[in-house]
């Protein structure tokens with residue numbers, strides 16, 4: 001059995017005295033897409049913060065490529081190939097699309113290659129390369145955010161609520177791109193509330209409720225028993 | 001350069017100005033060192049004693065009390081405060097109004113600002129003047145300054161809340177004497193008519209040179225006198241004034257004394273600008289604290305009549321007129337007995353005055369009516385009330401429960417008419433005589449090298465300005481500067497030697513020990529982690545570090 005690119009072992013985390021993660025175990029095989037599903041407040045985004053080094057665990061370990069990275073800083077993990085697209089997109093609204101992308105060449109990827117990769121996945125961005133990012137639609141901003149992440153040549157991509165605030169058609173288009181990215185060998189952990197869309201492109205899925213992963217498996221298994229799993233876990 | 005000069009000039013001016021501003025107007029220091037005073041008054045106080053009321057109170061205190069036209073001034077060294085309220089529900093409810101509102105489920109907006117029927121003044125640290133006079137005749141004022149706190153509350157058709165002369169004498173506030181009456185009458189009569197009135201024998205007109213001399217000035221001033229109080233339209237309030245009820249409380253800080261005065265008046269009726277004035281119940285309490293013994297005085301009067309400034313008063317012993325007292329029949333014994341059978345008793349309490357050193361306390365209460373409803377309730381028990389309540393339809397079950405509860409209560413109600421109390425306590429001024437009691441200097445630890453000598457002190461009986469520690473160790477050492485070693489001041493005995501100098505052997509040992517302790521602690525921590533497993537790379541057997549995910 002190959003070493004998973006991400007392994008979370010019995011992770012506990014808390015905001016002050018409120019424990020949000022209560023022993024999370026999760027494995028993301030290399031080159032796969034893992035959909036982490038669950039209702040609001042289940043601890044999904046907190047787990048993402050822990051994995052990306054933005055939040056310290058109270059106990060437990062996070063392994064990347066079989067190496068314990070507990071205590072590593074977000075910048076160090078980003079240089080290693082861990083890239084996070086946070087909830088809310090976070091593009092620079094007063095910079096053009098091209099300027100937003102060129103800022104990501106810090107990772108050592110040539111500027112031309114950054115633009116080529118971005119426009120290859122999202123041709124619409126090329127049409128708007130001189131447009132201020134803040135004036136674009138939500139879906140286009142999400143495309144730009146994903147393009148910026150891809151410009152850093154990630155090995156593990158963490159997507160937080162990709163579909164938030166977007167029209168269903170745009171969401172489907174974005175997840176098609178996610179599937180294309182996964183085919184390029186990038187491992188992806190995507191957090192999503194809308195299960196159907198995420199499961200369509202996922203290799204594995206897990207359901208998180210109340211700070212614990214209560215079910216994991218193939219997307220079909222999770223899809224069939226989604227309601228029972230979530231309600232049972234919530235109970 | 002110019003900026004630097006400007007800064008220096010501004011700084012210099014500030015340095016010069018601050019002492020001048022800080023000095024302020026020259027004020028004489030009071031002869032007392034500090035004080036504590038309180039004065040409160042209320043014409044009507046209703047107390048309800050019912051243990052089932054869920055309000056925690058001390059034993060013997062009423063669960064609820066309502067004070068009409070309540071005023072209170074409080075003060076202690078450095079701060080004066082005053083409070084006035086037309087209806088004060090006691091400190092428990094008045095000051096904890098928000099809490100009671102929350103318990104009763106009242107909207108927070110109604111109770112968030114506290115009990116609404118009150119004015120407060122606080123100096124320093126608060127508002128120095130607050131008043132509510134929503135319509136003529138209703139006065140609620142609170143004032144506080146550096147030297148005086150005053151509160152007034154009451155109802156009067158003239159809007160006049162009389163101060164009385166409580167601050168100056170024992171007598172309650174009356175019409176204020178002939179001069180004040182003349183002032184009032186000036187609004188009705190022209191100067192010519194007033195001069196004719198003053199010639200009447202009743203007022204002693206024409207026989208008093210002093211009065212005649214001052215008359216022209218007073219009459220001239222009457223035309224321009226302004227009434228600062230809200231009240232009835234000019235002229236009408238001079239014909240009749242129904243005083244209603246009022247109270248005033250005041251604390252005045254003087255250079256030599258602190259005076260607290262409380263006065264309550266109930267049922268004032270003033271006719272013809274005060275020419276005839278009836279006062280139902282008036283009480284005054286006054287306490288003065290001075291450097292010597294305190295003074296206290298109090299008085300309660302019932303049914304006073306003022307006729308042209310002459311007092312005709314009635315109390316429980318008789319009548320007082322022209323300074324002479326006449327025996328007057330009291331309440332018939334038969335009537336008292338009849339009321340007592342109904343649980344009602346009426347008493348005329350005596351005013352109290354107490355002086356204990358520099359603390360003076362005075363209290364007055366004119367009439368006390370006690371109604372013990374337990375007696376009445378026993379009479380009600382003869383009635384078939386339970387049967388009557390049982391006839392109520394089931395739909396009115398809550399009402400029946402409420403009525404059943406009420407008829408089973410047996411509260412005691414005490415109505416106190418004319419309440420005034422004043423307390424003042426001062427303390428002596430304390431001044432330390434630095435000339436004859438200089439503070440000894442703290443010994444210099446460097447001088448401690450002379451540990452075995454035992455030098456003799458100066459022995460001249462004076463207090464030393466420098467202490468040689470060598471004297472502590474010397475068995476044969478004489479008294480230091482005339483003070484025996486066993487009687488050294490505390491500040492000398494607690495003075496420690498401090499840290500040893502770095503260059504000495506004790507210093508090296510001290511600092512070296514600190515460094516050694518730090519190194520040993522770090523080593524022990526590392527060894528402990530290794531022994532207990534904390535030093536392992538990962539609890540799950542993984543390496544620790546930062547892998548290159550792209551190379552995996």
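No value in this document is a laboratory result; all are computed from the given coordinates. Everything numeric here is computed off the predicted structure, so don't read it as measured data. Reconstructed Cβ throughout: ideal geometry from the backbone, glycine too, with neighbour counts over all protein chains shown.
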More than 15 Å apart - percent of Cα-Cα pairs taken over segment A:116-186: 51
Ellipticity estimate at 222 nm from DSSP helix runs (n ≥ 4, -39,500 (n - 2.57)) divided over chain A, nearest 500: -10500 deg cm²/dmol
Inter-chain shielding of B:284-291 (mean C-beta neighbours from other protein chains, 10 Å cut-off): 0
Cα-based shape type of chain A, given that a ≥ b ≥ c are square roots of the gyration tensor eigenvalues and the cut on a/c is 1.5: prolate
Stretch gain in nm, segment residue B:291-residue B:550, where the contour uses 0.36 nm per residue and the Cα spacing is subtracted: 84.2 nm
Other protein chain Cβ atoms within 10 Å, averaged over every residue that makes up A:57-66: 4
Rounded Å value of the spacing that divides the Cα centres of segment A:69-141 and segment B:108-154: 65
Computed log₁₀ I(q)/I(0) - Debye formula, equal Cα scatterers, no solvent, segment A:82-153, q 0.12, 0.23 Å⁻¹: -0.24, -0.96
FRET efficiency estimate (nearest 0.05) - Cβ-Cβ, residue A:127 to residue A:200, R0 35 angstrom: 0.85
Modelled FRET efficiency - R0 30 Å, residue A:169 with residue A:109, Cβ distances, 0.05 increments: 0.45
Taking segment A:82-153 and dividing mean pair separation by its residue count, relative contact order in percent (alpha carbons under 8 Å, at least six apart): 49
Separation of the residue B:385 and residue A:3 label points, Cα + 7 Å toward Cβ, nm: 8.9
FRET E, pair residue A:25, residue B:109, Förster distance 56 Å, beta-carbon r, rounded to 0.05: 0.60
For peptides B:251-262, B:59-70, sequence by mean Cβ density within 10 Å, most packed first: B:251-262, B:59-70
Simple label model, 7 Å out from Cα along Cβ direction - residue B:508 to residue A:10, nm: 5.3
Length-normalised contact order for chain A - Cα pairs under 8 Å, 6+ apart - percent: 27
